[in-house]
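For reference, the structure is listed below as structure tokens.
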Amino acid sequence: MAIYVIDDHPLMREAVVMLLRRVRPGSDVVELSQLSELDRAVASKGEPELFCLDLKLPDTVGISGVKLLKGLFPDVPLAVISATPAADVEEWCREAGADVYIEKSAGASEIATALRAMLLTDSQFGDLEDGEGKVDTKLSKRQKQLIVMLDEGLSNRDIAERLGISEHTVKVHLWRLFRRLGVKSRTQTLHFARMNGLLSS
């Protein structure tokens, strides 16, 4: 398993790689400058554990890179790390399959925190299945807090302020919650929560 960092800007690519090696020492981190190098890299370096993708590459247009990666590896977490303001493209990236959108301007600490959370295994967040292999709806205290705050209609920024964490960390927590419940949006999360008694009437 390898972590793939795809960014055509050498300095930024090296910075992300350095952060990844700090948050996950010993990981095999593969650097690519464009998506056309991916097939050969996967053949030699192994299956991906996480993708860190820049939007603006020599061989992509708009969100085409996100669509390509999700088409090839639908189950591999994908973090878009871009200089483009989130307000301009984050929604499109999410619809195309990106799990988390991180602005490069967020700074090393925030980016590292978000990537660390994405690399934690599900077992580190508690078992997802019961003895019979059925999905268990046991959630962490933080995940239960998130559902309540989603029900209150709070934005990511509001949630970040209430919990004293960054917006990027909120996005990762939401990604983990969505994945645990098998949903893709806030609306689906709240529907699931009500149907399964996770919210009081």
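Tabulated results
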read-out	value
Accessible area per residue in Å² at 1.4 Å probe, computed on region 132-191	55
Listed peptides 97-106, 52-61 by packing density, highest first (mean Cβ within 10 Å)	97-106, 52-61
Inter-probe distance in nm under a simple model that places probes 7 Å from Cα toward Cβ, at Arg21 and Lys56	2.7
Principal axes of region 8-51: Cα extent on each, largest first, Å	26, 23, 13
Backbone N under 13 Å from the Leu72 label point (7 Å along Cα→Cβ), restricted to region 1-31	4-7, 31
Where region 17-72 is the region considered: accessible area per residue in Å², 1.4 Å probe	53
Accessible-area composition of region 33-90, carbon plus sulfur, in percent [1.4 Å probe]	54
Residues Val148 and His9, FRET efficiency given R0 of 41 Å [Cβ-Cβ distance, rounded to 0.05]	0.55
3J(HN,Hα) from dihedral phi, region 153-161, Karplus parametrisation 6.51/-1.76/1.60, rounded to Hz, x for glycine, proline	x, 6, 7, 4, 5, 4, 5, 4, 5
Fraction of antiparallel bridges per DSSP, the chain only, in percent to nearest 5	5
Given (1) 48, 41, 32; (2) 55, 36, 32; (3) 51, 39, 29, the label whose value is Cα extents along the principal axes in Å derived from this model	(3)
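The values are calculated or read from the model by the stated rules, or taken from the named source; none is laboratory data. Since the model is a prediction, treat every value here as computed from it, not as a measurement. A quick note on method: Cβ atoms are made from the backbone with ideal geometry, for glycine too, and the neighbour counts reach across all protein chains shown. Keep in mind that these areas ignore ligands, DNA and RNA; they rest on the heavy atoms of the full protein, side chains included. Shrake-Rupley method; radii C 1.70, N 1.55, O 1.52, S 1.80 Å.
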